[in-house]
Amino acid sequence: MFTTFLAYKLKEQGKQLVKIDKWFPSTKKCSCCGKEKEMPLSERVYKCSCGFVLDRDHNSAINIKNEGLRLLALS
């Protein structure tokens, strides 16, 4: 119901809600090079073999944004 209401409100403003797959590995994927790795929930900093280091939540947010933009471009 929340997403329905949110989509309605965004449509009023001329915007669009883009939903990504709930199984998208946003926390396991490097937002720099795209490699995936397993991470325990206790690990708060994402460190990739490519040298990229970022807060886990910030890395995840970048991945979600990029996936949303990719899906929007496909539609």
With all protein chains present and a 1.4 Å probe, how do 18, 53 order by accessible area, largest first?
-> 53, 18
Taking a ≥ b ≥ c as the square roots of the eigenvalues of the Cα gyration tensor, with a/c under 1.5 meaning rounded and otherwise prolate when a/b exceeds b/c and oblate if not, the chain is prolate
By how many nm would the segment from residue 13 to residue 42 lengthen if fully extended, with 0.36 nm per residue of separation less the alpha-carbon distance?
-> 6.5 nm
For segment 11-75, which whole percent of the accessible surface, found with a 1.4 angstrom probe, sits on carbon and sulfur atoms?
-> 56
Expressed in nanometres to one decimal, the distance between label points 7 Å along Cα→Cβ at residue 35 and residue 20 is 2.0
Once the Cα atoms of helix 2-12 and of the chain are each reduced to a long axis, what angle between those two axes, in degrees from 0 to 90 to the nearest 10, is obtained?
-> 60
Dipole magnitude of segment 1-62 about its Cα centre, charges +1 at Lys/Arg Cβ and -1 at Asp/Glu Cβ only, in debye to the nearest 20?
-> 120
At a probe size of 1.4 Å, how large is the accessible area of residue 49, to the nearest 10 Å²?
-> 100
Accessible area per residue, Å², the chain with all protein chains present, probe 1.4 Å = 77
Looking at this model, which pairs from 35/65; 15/47; 15/37; 28/65 are more than 23 angstrom apart at the alpha-carbon?
-> 15/47; 15/37
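The values are calculated or read from the model by the stated rules, or taken from the named source; none is laboratory data. These numbers come from a predicted model, not from an experiment. Glycine also receives a Cβ, built like all others from the backbone with ideal geometry; neighbour counts cover every protein chain displayed. Each accessible area value is taken on the protein alone, full model and side chains, heavy atoms only, with ligands, DNA and RNA left out. Shrake-Rupley method; radii C 1.70, N 1.55, O 1.52, S 1.80 Å.
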